[in-house]
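Only one structure is covered here, and it is reproduced in the block below.
No lab work stands behind these numbers, since they all come straight from the coordinates. Everything numeric here is computed off the predicted structure, so don't read it as measured data. Heads up, the Cβs are rebuilt from the backbone with ideal geometry, glycines too, and the neighbour counts pull from every protein chain shown.
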Amino acid sequence: MHERYVIITGANSGIGKAAAIQFASKGCTVIMACRNLETSKAAHSEIIKASNNKNIHLMKVDMSSFRSIQNFCTQFISNYGNYAKNLPTRKHSYKTSLLKLITISLRVLLI
């Protein structure tokens, strides 16, 4: 079985947090894409405890900022290079980066 990755924006509360717990409980590696890392640390710990899965990673992204999205994509590629080989590099536009990130995310959710 291959490892599954799930990127969830807003995973520090509400539906995003509930989804993170469910995916983590099923053994997925969950990337919590959150705007504020400090306020998300408590939710990060809660998700690890609730799911008994340590493969929960917290990454910063502000979905209202193309620069933040680009930085997230670059960091994601750096951290998860084998998985992220189809994500864009800096030569692509911010909109392309966002679209590819969403496409990759949806592809992972549908696997």
Quarter of the surface of the C-alpha convex hull for the stretch 1-67, i.e. direction-averaged projected area in nm², equals 4.6 nm²
Taking the Cβ-Cβ separation of Arg67 and Ile15 as r and a Förster radius of 30 Å, what is the calculated FRET efficiency to the nearest 0.05? 0.70
Under the rule of at least 5 residues apart or a separate chain, name every residue whose amide H is placed under 5 Å from the amide H of Val61. Cys34, Arg35
Stretch gain in nm, segment His57-Thr74, where the contour uses 0.36 nm per residue and the Cα spacing is subtracted: 4.6 nm
